[in-house]
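Quick note: the coordinates plus some simple rules give every number you see, no bench work behind them. Since the model is a prediction, treat every value here as computed from it, not as a measurement. Don't worry about glycine lacking a Cβ; one is built from the backbone with ideal geometry, like all the others, and counts go over all protein chains shown.
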Ligand SMILES: C[S@@+](CC[C@H](N)C(=O)[O-])C[C@H]1O[C@@H](n2cnc3c(N)ncnc32)[C@H](O)[C@@H]1O
């Protein structure tokens, strides 16, 4: 048997020859990949400064068991000032597509992202809410129309007298010139992220495997619109599981019975947000990468986070005895994450 064939059999854990020819071909195309002649592959247990789009090209093919990250959300944070909406979409779709080569067959890319994006749209009709509770005179257009219908011959000042308001109020209610802000401000538009992620997942040849909901603390400060519209406060995000076809090792012993019951098999995870974002604007809680890592990998496997931020995924990986590779654009955050991993009090056994 050729060496390549026996390596592949060892890799997948059974003899490929037992399968129909067509299936054997599928396996070969996923497991046997021509790697680039890259001389400087990224090395495990390091954090690299640079753009994810460049650095992912220097990762060995089929070497990453799990990639877990939370990208810029396009919500106006300082670290995403270089992106407009089009560039943001190009960044995410490119990063997702670059993952296909580097993930092990059967491995996962898990993306944590808010369920909606909110941004100003200059093209949206500039008609804004009629904020009834803020009107000094609580008379509606319907009230005026009702009095007019009951008294068809009355003049405007007489209608105002019946309603107990000024003639100007009657005029405003009839001609709608009390609609607030519509003339000057662009409207706020909502874009669902799920559809975009699903599209980029399919374009990159991944399969959408699952999605879970992370219920966090309600972000009242970031959701000022809740008091002037029917929109809800921002209080949950999604976790999208993208699967690269290949042998999926399903190991029930990765979690205890209690863990399977409490979160392993559950679609909704209640985990408090990081309360103090003093060293990074948008950290996720360590419990999030910890659960994803424990669910989808074994000790010794490699976990990637190419939007590393403050290093939370690397810290969780070390504590769970996995290897990690981190990529982060901002030099300040590279330093921060290196400091965090140096402070983890666990001896790393896989160097
Ligand atoms: C939502 S934050 C990640 C926070 C991280 N999960 C944590 O817990 O600290 C996104 C990070 O992506 C970084 N970033 C933005 N554009 C990037 C790019 N093109 N390549 C790599 N990192 C980028 C930002 O500097 C920011 O730190």
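Of the peptides 150-158, 202-210, how do they stack up when ordered by the mean number of other Cβ atoms within 10 Å, highest first? Write down the numbers at each step before the final one.
Working: 150-158: 10.7, 202-210: 14.4.
Order by mean packing, descending: 202-210, 150-158.
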Principal axes of the chain: Cα extent on each, largest first, Å
101, 50, 43
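Among 165, 201, rank each residue by its count of other Cβ atoms within 10 Å, from fewest to most, as a rough exposure measure. Write out the running numbers ahead of the final one.
Numbers: 165 19, 201 23.
So the residues, fewest neighbours to most, are 165, 201.
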If one takes the longest principal axis of the Cα atoms in the chain, at what angle in degrees, from 0 to 90 and to the nearest 10, does the Cα axis of helix 331-342 lie?
60
Calculated FRET value between residue 51 and residue 343, using beta carbons and R₀ = 30 Å, to 0.05
0.65
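Using R₀ = 51 Å, calculate the FRET efficiency as 1/(1 + (r/R₀)^6) where r is the Cβ-Cβ separation of residue 4 and residue 257; round to 0.05.
Plugging the Cβ-Cβ distance into 1/(1 + (r/R0)^6) gives 0.80.
What ranking, highest mean first, results for peptides 109-122, 3-16 when packing means the other Cβ atoms within 10 Å averaged over each residue?
Numbers: 109-122: 17.6, 3-16: 12.7.
Ranked from most to least packed, the peptides come out as 109-122, 3-16.
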If each of residue 87 and residue 167 carries a label point 7 Å out from its Cα toward its Cβ, how far apart are those two points in nm?
5.6
Have a look at 199, 216, 257 and tell me which one the Gaussian network model of the chain (Cα, springs below 10 Å) gives the largest fluctuation.
257
Using Cα atoms only, what is the angle between the long axis of helix 141-150 and the major principal axis of the chain, expressed in degrees (0 to 90) to the nearest 10?
30
First measure r as the distance between the Cβ atoms of residue 156 and residue 136, then evaluate 1/(1 + (r/R0)^6) with R0 = 22 Å and state the FRET efficiency to the nearest 0.05.
0.70
Computed label-point distance, nm, for sites residue 232 and residue 220 using a 7 Å Cα→Cβ extension
1.8
Any idea how far the Cα center of segment 1-16 sits from the one of segment 291-336, in Å?
31
Calculated Rg and Dmax of segment 1-145 using C-alpha coordinates, Å
25.7, 90
So what's the angle, to the nearest 10 degrees on a 0 to 90 scale, between helix 193-203 and the longest Cα principal axis of the chain?
40
Based on alpha-carbon centroids, what's the gap between segment 23-74 and segment 109-128 in Å, whole number please?
30
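Using the 10 angstrom Cβ neighbour count as an exposure proxy, how do 140, 313 rank, fewest first?
140, 313
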